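The values are calculated or read from the model by the stated rules, or taken from the named source; none is laboratory data. Model, not experiment: these values are computed from the prediction. FYI the Cβ positions are ideal-geometry reconstructions off the backbone, even for glycines, and counts take in every protein chain you see. These area figures cover heavy atoms from the full protein model, side chains too; ligands, DNA and RNA do not enter into them. Shrake-Rupley method; radii C 1.70, N 1.55, O 1.52, S 1.80 Å.
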Amino acid sequence: MNLNAFYAMSYGVYIVSTWDEKRPTGCIANCAMQITAEPATIAISINHDNFTNKCIEQTGKFAISILSENTDPAIIGTFGFQSGKDMNKFDSVKYDIQGDMPIIAAGCAYITCEVINKMETDTHTVYLGKVLEAEVQSKEVPMTYAYYHNIVKGKSPKNAPTYIAEENINNKTSEETKSEKYVCSVCKYEYDGDIPFEELPDDYVCPICKKPKSFFQKQV
Ligand SMILES: Cc1cc2nc3c(=O)[nH]c(=O)nc-3n(C[C@H](O)[C@H](O)[C@H](O)COP(=O)(O)O)c2cc1C
C-alpha cells in the first residue's frame, strides 16, 4: 500500500467544540465534512482518547469553527496538541456563544450540530450531526489541511484520523533524509528558518505550540 495516496485527499482545518458541563472545550479536527444537504448533516471523526469525544457524548452537541489561513498557529497548538482534560483551552482565545455552543471569534464560519447518530471504529467515533445553525463570520480564506502542512509547516498528532508516521512517508529527497534538523518534541514542528537553530535567541518559541527552544531535539 502506498500511503502517499492519502495525501491526494483534501480536508479543511476546524475546531470541533462542545461543553464539559459549563466549561467550553474542543479540539482541532481535519476530518469533518458535509454528508447530506436536506436535512443538512455533518460527519466528524473523533479519537476515543480525546477529551472532546467524551464531552460530545455527554452533551449530544458539537460545533465546528472553520479556521482561516490567517489563524494564529498557536490556536492549533493549543487545540491540537493539548488536552481539555488538563486545561481550559478557550481561556486563550476570543469566543462567542452561538446557538448554545462555543464558537471561535476568529473563524471564517461556524456550524452547530445536534448528534443524531454515531459509528464506532477501532480508534475513532464518527458522529453524524444534524445542522442547527450555520453562519459566515468573515471573508477570509479557509485553511486547508494541505496549507497547514505545506505553508504553516504544521504536523498532525497520532490522534488525527489522517496521521501517517514519518517513517512511512517515502517521498523524501536524500537531502531531506540526511540533513540534521531540529524538531519540536511536542507538536513535531520542524525548524526551517534561515538562522541556524543554535544561533536563535534563548526566548525563541515554537511557532505552533509556543513551547520554548529547549523542547526542540536535534534529529539526524
Ligand atoms: C491538523 C490536525 C488535525 C487533527 N484532526 C483530528 C481529527 O480529525 N480527529 C481527532 O480526533 N483528532 C484530530 N487531531 C488531534 C486532536 O486535535 C488532539 O489529539 C487534541 O489534543 C485533542 O484534545 P482533547 O483531548 O482536548 O479533545 C488533529 C490535530 C491536528 C493538529
(Q) From Cα pairs below 8 angstrom and at least 6 apart in sequence, can you work out the relative contact order of the chain, rounded to a whole percent? (A) 22 percent
Q: Rank-order 5-18, 137-150 by packing density, defined as the average count of other C-beta atoms within 10 Å over each peptide's residues, highest first.
A: 5-18, 137-150
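For region 12-62, what D do you get in µm² per second when you plug the Kirkwood radius from alpha-carbon pairs into Stokes-Einstein at 4 °C and 1.567 mPa s?
113 µm²/s
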(Q) Please give me the summed charge of the neighbours of Pro212: other residues whose Cβ is under 10 Å from its Cβ, Lys and Arg +1, Asp and Glu -1. (A) +1
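Students often check this: by mean Cβ neighbours within 10 Å, which of 101-109, 37-45 ranks highest, and how do the rest follow?
101-109, 37-45
Which percent of the accessible area of the chain is formed by carbon and sulfur heavy atoms (probe 1.4 angstrom)?
Values: 6290 of 12210 Å².
About 52 percent, which is the carbon plus sulfur part of the accessible surface.
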Q.
Strictly greater than 19 Å: what percent of every Cα pair in region 79-156 meets that?
A. 59 percent
Q | region 1-96: relative contact order in percent, alpha carbon pairs under 8 Å with at least 6 residues between | A | 31 percent
(Q) I'd like to check one number: the per residue accessible area of region 1-71, probe 1.4 Å, reported in Å² as a whole number. (A) 48 Å²
Q) Using alpha carbons only, what's the Rg to Rh ratio of region 38-119 with Rh from Kirkwood? A) 0.94
Q) Once the mean 1/r over all distinct Cα pairs of region 82-220 is inverted, what Kirkwood radius in angstroms do you read off? A) 18.5 Å
Q: Please work through the chain and write down the cysteines that have no neighbouring cysteine Cβ at a distance under 4.7 Å.
A: Cys27, Cys31, Cys55, Cys108, Cys113
